[in-house]
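Please read the structure below before turning to the comments.
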Amino acid sequence: MLTIAKLFGKSPFAPLQSHIDKVACCIGELPGLFKVMIEQNEQAIEKVSGKISRLEHEADLTKHDIRNHLPRSLFLPVDRESILEILDLQDAIADQAEKIGHRATMRRLELLEDMREEFSLFSVRKTWKFFGFATR
């Protein structure tokens with residue numbers, strides 16, 4: 001028998017918060033990736049890119065878990081489609097971070113010595129600004 005408590009779904013916000021935390025870890029690695037790209041340290045590029053891929057995979061596992069366990073009850077605190085839309089937006093951010101890391105391993109960036117400092121400042125500021133964080 002269905003109890004009243006089961007009619008009301010659990011809040012989906014804790015799992016969403018867990019997912020965005022994992023996404024934030026992905027994008028948090030990008031400034032370090034840009035740094036080793038400037039230094040042209042190919043081993044470090046591979047290492048950071050691999051870390052970003054692992055973090056993105058963890059975020060994907062969380063995303064799949066949320067999708068598989070999101071209740072379809074009548075009284076979910078918010079619209080199910082809205083939750084899935086937010087989840088997709090968060091996932092797109094992690095996917096972009098992974099793509100950047102993957103591309104960094106495929107093509108070597110060669111910067112003129114005069115441009116290295118400006119690129120470093122630009123890439124870090126733009127990364128954080130793009131993802132809605134204050135410039136560090």
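The values are calculated or read from the model by the stated rules, or taken from the named source; none is laboratory data. Remember, it's a predicted structure, so these values are computed and weren't measured experimentally. A quick note on method: Cβ atoms are made from the backbone with ideal geometry, for glycine too, and the neighbour counts reach across all protein chains shown.
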Do we find that Met115 is at pLDDT below 90, buried (at least 16 other Cβ atoms within 10 Å of the Cβ), more than 30 Å from Ser11 (Cα to Cα) and hydrophobic (A, V, I, L, M, F, W, C) in this structure? no
Assess whether Met1 counts as being part of a helix (DSSP H, G or I) and either at pLDDT below 90 or within 13 Å of the chain's Cα centre (by Cα) (or both). no
Just to check your reading of the model, which residue among Ile27, Ile45, Ile20, Ile66 is surrounded by 14 or more Cβ atoms within 10 Å (Cβ to Cβ), among the β-branched types (Val, Ile, Thr), in contact (Cβ under 8 Å) with a residue 40 or more places away in the chain and under 12 Å from Glu98 (Cα atoms)? Ile27
Answer from Asp60, Asp88 - the residue that is part of a helix (DSSP H, G or I), free of Cβ contacts under 8 Å to residues at least 40 places away in the same chain and crowded, with 16+ Cβ neighbours inside 10 Å: Asp60
